[in-house]
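Q: First the structure, which I've put down as structure tokens, then a few questions once you've had a look.
The values are calculated or read from the model by the stated rules, or taken from the named source; none is laboratory data. Computed from a prediction, not measured in an experiment: that's the story for all the values here. Positions of Cβ are generated from backbone atoms using ideal geometry, with glycine treated the same way; all protein chains shown enter the neighbour counts. Keep in mind that these areas ignore ligands, DNA and RNA; they rest on the heavy atoms of the full protein, side chains included. Shrake-Rupley method; radii C 1.70, N 1.55, O 1.52, S 1.80 Å.
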Amino acid sequence: MSKDFSDLVFRILFSLIFIGLGGEHLVSDDLIQKLMPEWVPSPRLVSIFCGLVLFVGGGMIAIGYRLKAAALILGTFLVAVTALVHAPALQGHFSPVACPEDQWMWDTLQRSNFVKNLCLLGVCAMLPFYSAGKWSLEAFLKARKH
């Protein structure tokens, strides 16, 4: 596998979680709104804003355009949502679960989202030092300039 092909696969696979979740925030966010803490104002507007951030940041990585900016956008989002939503939920500060027997599901969801976000944040921390390969918008624009 060539470096350029590997780069393309990396960017697409890494960005899929952001693009998919961003699309879900924009199109069908009923469950997402139910999972938001009660203190979140205007859950639908917050969901749309988050969806746009996720979709745009993930899209930038997928097409290989301004990876540093995309990493900053997504990294900031990950820090905020992890600190404001998943960490407090891990400590039991809020739970939308009505039936106590189902609390384990909520706890598992929060633990997995917390750790997943830390992993994604690790990649975002490395992206500013990464340059996309020849199958990226950056490479296309650079070649077009010359």
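Q: Return a yes/no flag: does region 38-48 have any residue that is out of contact with any Phe, Trp or Tyr (no Cβ under 7 Å at 6 or more places or on another chain), under 15 Å from S15 (Cβ atoms), free of Cβ contacts under 8 Å to residues at least 60 places away in the same chain and open to solvent by 30 Å² or more (accessible area, probe 1.4 Å).
A: no
Q: I would also like to ask the following. What are the residue pairs meeting all of these: first residue in region 119-145, first residue in contact (Cβ under 8 Å) with a residue 60 or more places away in the chain and assigned to a loop (DSSP other than H, G, I, E, B), second residue open to solvent by 70 Å² or more (accessible area, probe 1.4 Å) and acidic (D, E), Cβ atoms under 7 Å, and 6 or more apart or on different chains?
A: Sorted first by the residue in region 119-145, then by its partner, the pairs are A132/E138.
Here is a yes/no grid of residues against (1) farther than 23 Å from A98 by Cβ; (2) out of contact with any Lys or Arg (no Cβ under 9 Å at 6 or more places or on another chain); (3) in contact (Cβ under 8 Å) with a residue 12 or more places away in the chain; (4) not small (G, A, S):
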residue	(1), (2), (3), (4)
M1	yes, yes, no, yes
L13	yes, yes, no, yes
L16	yes, yes, yes, yes
L26	yes, yes, yes, yes
M36	no, yes, yes, yes
V53	yes, yes, yes, yes
I61	yes, no, yes, yes
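Q: Would you point out which residue out of G57, G20 is over 15 Å from C124 (Cα atoms), assigned to a helix (DSSP H, G or I) and open to solvent by less than 90 Å² (accessible area, probe 1.4 Å)?
A: G20
Q: Go over the candidates K34, K3 one by one and state the one that is open to solvent by 70 Å² or more (accessible area, probe 1.4 Å), over 20 Å from C119 (Cβ atoms) and touching a Pro at 6+ places or on another chain (Cβ under 8 Å).
A: K34
Q: Select, from A80, A62, A87, A70, the only residue that is open to solvent by less than 50 Å² (accessible area, probe 1.4 Å), out of contact with any helix residue (DSSP H, G or I) (no Cβ under 8 Å at 6 or more places or on another chain) and within 23 Å of C124 (Cβ to Cβ).
A: Testing whether each residue is open to solvent by less than 50 Å² (accessible area, probe 1.4 Å), out of contact with any helix residue (DSSP H, G or I) (no Cβ under 8 Å at 6 or more places or on another chain) and within 23 Å of C124 (Cβ to Cβ) leaves just A80.
Q: To continue, here is another question. What pairs come out if I take residues in region 66-81 that are farther than 23 Å from F140 by Cα and pair them with residues that are surrounded by fewer than 19 Cβ atoms within 10 Å (Cβ to Cβ) and at pLDDT 95 or above whose C-beta lies under 7 Å away, six or more apart or interchain?
A: Correct list of pairs: G75/L121; G75/A125; L78/L120; L78/L121; V79/L121.
Q: Could you list, in sequence order, the residues of region 132-145 that are in contact with a helix residue (DSSP H, G or I) (Cβ under 8 Å, 6 or more places away or on another chain) and open to solvent by 80 Å² or more (accessible area, probe 1.4 Å)?
A: K134, W135
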